[in-house]
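Since the structure comes first, as structure tokens, the remarks are kept for the end.
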Amino acid sequence: MKAVTVENLTKIYPVPMRRQRIIAVRNLNLEVNEGEVYGLLGPNGSGKSTTLKVLLGLVTPNQGKATIFGKDSREYRSRAEVGFLPENPYFYKFLSAEETLRFYGKICGLRSKELDARIHELIELVGLQDARHRRIGGFSKGMLQRIGLAQALVQDPKLVVLDEPTAGVDPAGSRQIRDLILDLKKRGKTVLLTSHLLGQVQEVCDRVGIMARGEMVREGSLDELTTIQRQTEFLVEDAPEGLQEKIEELVRQSGGRFVAARRPQRDLEGVFLDATAPKK
Ligand SMILES: Nc1ncnc2c1ncn2[C@@H]1O[C@H](COP(=O)(O)OP(=O)(O)OP(=O)(O)O)[C@@H](O)[C@H]1O
Ligand SMILES: [Mg+2]
């Protein structure tokens, strides 16, 4: 069974006072397999959040339908095993991090005893140990994002839907969130996320869909989308002088075309994390 299906989805928002309409999502089809991490990408305003909101039953579509584990997403029962991190999570300002998680845990029907252990685990998982008793009202953007993520995981859902999970989170925190998503996958969970950080998407997603102007413009496994089929790279350490010329000659002789020789580079994230890591 598919974890998520979206069929022929169209969502049109009216623009009050003007005779205009915004087609936020147009004829969208989407499938997420059970146990996979799916990334929904696209420029600002391309309809990603709207698609997720329809899936969560928060927005009514003009056309089409969505299902979660085979149940129509208009039924509240379809959301029994779904955790959701919305785009702009809103929390009660006067509750502490722990109280917030207790509040959501109770809504999900967890008992006090199991809840205590779960809250402890989640606070560690999202790295909010030092802020567990602080009021949410004073949280930074990245801290709010972390508590939002913990909230989405409180009842250990089978499907986790994350709208920009790393927005505003620092590089080390983003990496933690990436590891957390990979860990969810390892435990057989399904993750559907949106993100603008393509590097991170590449690290965690099995499949991606790219939206533009409300439509799906590309979809496929990461490999399918990113492998340049006709090219092969060889990586050599401590190449002796003259080796490149020899290789170029060999490539010519064997009928291929030599395209480039270059030094590989690290990404800035790696340099940043190395430079700022706590001293051992
Ligand atoms: N409640 C609303 N009322 C009117 N228009 C809306 C509403 N919600 C979204 N839209 C419009 O629908 C379009 C798609 O918005 P959506 O939030 O789904 O985009 P997105 O891909 O999530 O963008 P971002 O990357 O900025 O989060 C935009 O043009 C947006 O202005
Ligand atoms: Mg959005």
The lone exception for residue 156 - which of (1) closer than 18 Å to residue 37 by Cβ; (2) within 16 Å of ligand 1 (Cβ to nearest atom) it fails: (2)
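Per-residue answers, yes or no, for (1) over 20 Å from residue 161 (Cα atoms); (2) in contact (Cβ under 8 Å) with a residue 60 or more places away in the chain; (3) out of contact with any strand residue (DSSP E or B) (no Cβ under 7 Å at 6 or more places or on another chain):
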| position | (1), (2), (3) |
| --- | --- |
| 28 | no, yes, no |
| 31 | no, no, no |
| 35 | no, yes, no |
| 38 | no, yes, no |
| 63 | yes, no, no |
| 72 | no, no, no |
| 76 | no, no, yes |
| 87 | no, yes, no |
| 102 | yes, no, yes |
Which one is surrounded by the most Cβ atoms within 10 Å (Cβ to Cβ) among residues in region 159-184 that are modelled with pLDDT of 95 or more and in contact with a Gly (Cβ under 8 Å, 6 or more places away or on another chain)? 161
Filter region 34-56 down to residues that are over 15 Å from the mean Cα position of the chain (by Cα) and more than 8 Å from ligand 1 (Cβ to nearest atom) and give me whichever is nearest to residue 79 (Cα to Cα). 56
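Might you let me know whether region 217-226 holds any residue that is within 16 Å of ligand 2 (Cβ to nearest atom), surrounded by 13 or more Cβ atoms within 10 Å (Cβ to Cβ) and hydroxyl-bearing (Ser, Thr, Tyr)? Steps first, answer last, please.
Keep residues of region 217-226 that are within 16 Å of ligand 2 (Cβ to nearest atom), which gives none.
Looking for residues that are within 16 Å of ligand 2 (Cβ to nearest atom), surrounded by 13 or more Cβ atoms within 10 Å (Cβ to Cβ) and hydroxyl-bearing (Ser, Thr, Tyr), one finds none in region 217-226, hence no.
Among the strands (runs of 3 or more DSSP E) confined wholly to region 1-99, which include 1 or more residues that are within 16 Å of ligand 2 (Cβ to nearest atom) and under 30 Å from residue 133 (Cβ atoms)? Full working, then the answer.
On the way: elements: 2-15, 20-33, 37-41, 63-68, 82-85.
In region 1-99, 82-85 are the strands (runs of 3 or more DSSP E) which contain 1 or more residues that are within 16 Å of ligand 2 (Cβ to nearest atom) and under 30 Å from residue 133 (Cβ atoms).
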In region 61-82, is there at least one residue being in the same structural domain as residue 182 (by TED's automatic domain parsing) and within 11 Å of ligand 1 (Cβ to nearest atom)? no
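Might you let me know whether region 24-45 holds any residue that is closer than 21 Å to residue 108 by Cα and surrounded by fewer than 15 Cβ atoms within 10 Å (Cβ to Cβ)? Quick ask: steps written out before the conclusion?
Start the filter on region 24-45 by keeping residues that are closer than 21 Å to residue 108 by Cα, which leaves none.
No.
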Search result, residues across region 100-131 that are part of a loop (DSSP other than H, G, I, E, B) and either small (Gly, Ala, Ser) or surrounded by fewer than 18 Cβ atoms within 10 Å (Cβ to Cβ) (or both): 108, 109, 111, 127
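The values are calculated or read from the model by the stated rules, or taken from the named source; none is laboratory data. Here the structure is a predicted model, which is why all the values come from computation and not from measurement. Here the Cβ is made from the backbone with ideal geometry for all residues, glycine too, and neighbour counts use every protein chain on show.
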